[in-house]
Amino acid sequence: MTTAQLLERISKDETTTRRIGAALGHWLQPGDIVAVQGPLGAGKTRFIQGIAEGLGVTEPVQSPSFILIQAYSLPGGGRFYHVDLYRLEDPEAVWALGLWDLFDETAIIAMEWPERASGFIPEPYLRVTLIPVEDTIRHIRIEAIGAFPLERLRALQTLLDRE
Ligand SMILES: Nc1ncnc2c1ncn2[C@@H]1O[C@H](COP(=O)(O)OP(=O)(O)OP(=O)(O)O)[C@@H](O)[C@H]1O
Ligand SMILES: [Mg+2]
């Protein structure tokens with residue numbers, strides 16, 4: 001496993017978190033997976049709402065909570081899946097969810113609580129970590145896990161540097 005650190009930033013409010021998510025969303029391509037981790041209330045859903053915005057999803061993105069997987073249509077065709085594994089008690093249960101069927105070349109997936117199914121996310125993927133510092137301050141880290149094409153990583157770096 002290789003890890004490339006792409007961004008480390010302090011977000012001062014939820015709008016900033018959303019905007020960084022949107023920058024990432026602009027860059028995503030079919031087949032990409034983003035694992036968004038961090039404690040309860042860190043801003044994972046806010047960040048993913050930003051991703052959806054960047055992807056051009058027009059429907060409002062809410063927390064999937066009980067549903068675990070929520071699908072949205074992408075403007076260019078294909079689907080964006082918002083997955084929330086918080087209620088997954090047993091990592092083995094992820095098999096029953098049909099999550100594997102989503103991991104194809106046409107889907108874009110953003111996942112909350114990826115730790116609940118640790119070890120099963122196929123590389124390469126992006127790992128976003130949100131850490132509450134105080135009140136509305138969040139530490140955000142974006143890392144590439146596994147081998148993305150170098151030119152794609154450079155393009156993402158450029159996009160994120162503008163944020
Ligand atoms: N800098 C910030 N970035 C993101 N959210 C923030 C920030 N500051 C304050 N907030 C608030 O924190 C909350 C984050 O909620 P959100 O649902 O996105 O968290 P979550 O990580 O998805 O939680 P859960 O683990 O319950 O799914 C929101 O109420 C939001 O307004
Ligand atoms: Mg959430």
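Using a simple spin-label model with pseudo-atoms 7 Å out from Cα toward Cβ, Thr106 and Ile131 lie 4.0 nm apart. Each of the peptides 141-154, 89-102, 24-37, 6-19 was scored by the mean count of other Cβ atoms within 10 Å over its residues; in descending order, highest first, they stand as 24-37, 6-19, 141-154, 89-102.
Modelled spin labels at Arg141 and Ser73, positioned 7 Å past Cα toward Cβ, are 4.0 nm from each other.
Averaging 1/r over each pair of different alpha-carbon atoms in the chain and inverting the result gives 15.7 Å, the Kirkwood hydrodynamic radius.
Computed over segment 39-103, the range of Cα coordinates on each principal axis works out to 34, 29, 15 Å, biggest value leading. Residues within the reach of a label modelled at Glu8 (point 7 angstrom out along Cα to beta-carbon, backbone nitrogen below 15 Å), restricted to segment 140-163, are 140-144. Note on Ala96 and Thr158: the model spin-label points, each 7 Å out from Cα along the C-beta direction, lie 4.7 nm apart. Convex hull volume of the Cα atoms of segment 25-68, normalised per residue: 91 Å³. Think of the chain as a dipole: +1 on every Lys or Arg Cβ, -1 on every Asp or Glu Cβ, centred on the Cα centre; then among Gly119, Gly54, Ser11, Ser11 lies furthest on the positive end. Projecting the Cα atoms of Leu159, Val34, Leu130 onto the dipole axis of the chain, where Lys and Arg carry +1 and Asp and Glu carry -1 at the beta carbon, places Leu159 farthest toward the positive end.
If only the Cβ of Lys and Arg carry +1 and only the Cβ of Asp and Glu carry -1, the dipole of segment 3-161 around its Cα centre is close to 400 debye. Dividing the convex hull volume of the alpha-carbon atoms in segment 94-137 by its residue count gives 106 Å³ per residue.
No lab work stands behind these numbers, since they all come straight from the coordinates. The structure presented is a predicted model; accordingly, all values stated were derived computationally and were not measured. Positions of Cβ are backbone-derived with ideal geometry, glycine not excepted, and every protein chain shown enters the neighbour counts.
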